[in-house]
Amino acid sequence: MLKFLLAIVLIVLIVAGFSALLKKETGKFRVKKRFLTEEEAEECKEIAKVLSRSYLVFPKVRVLDVVVPTVYNDLQSLGKISSKRIDCLVTDKSYRPVAVLSKDKSVIDVCTEAGLVAVESKDKLIAVLRS
């Protein structure tokens, strides 16, 4: 009976081992199934569809990739934006930032202070860029 139980345990361990080997998640990282939620993807698609071909739309951009503190090594200002994200960044064809969409008031404040058009809804963004 003991040999039978050991044989079953061994078979289970072998099957579990093969299953683990077949999985692609063998390292410490994996690719997310989706980069954007369905809602985020739809919002960006709608913006891109409505805007003229002279604009490009980029979702989920770090604020720090678009604006930087005016004073070098200003850690307080840097800390304010280091982990923040822009929901949708609109650039011209030369990749110069034109406007941002964000639901985060602090992101809107920072981007506005830097001189960008910053709004909290896609309808406002589209209206501003069409005018």
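What length, rounded to one decimal in nm, is gained on full extension from SER77 through to ASP104, with 0.36 nm per residue of separation minus their alpha-carbon distance?
8.1 nm
Return the lysines within reach of LYS28: Cα separation strictly under 24 angstrom, same-chain partners fewer than 8 residues apart disregarded; answer none if there are no such residues.
LYS60
Under 19 Å from a label point 7 Å along Cα→Cβ of LYS93: give me every residue in the range 45-73 with its amide N that close.
Zone members listed by number: 48-58.
Read-outs: derived from the displayed coordinates by stated rules, not from any lab. Values in this document were obtained by computation on a predicted structure and should not be read as measured data. Cβ coordinates were reconstructed from backbone atoms using ideal geometry, including for glycine residues, and neighbour counts include every protein chain displayed.
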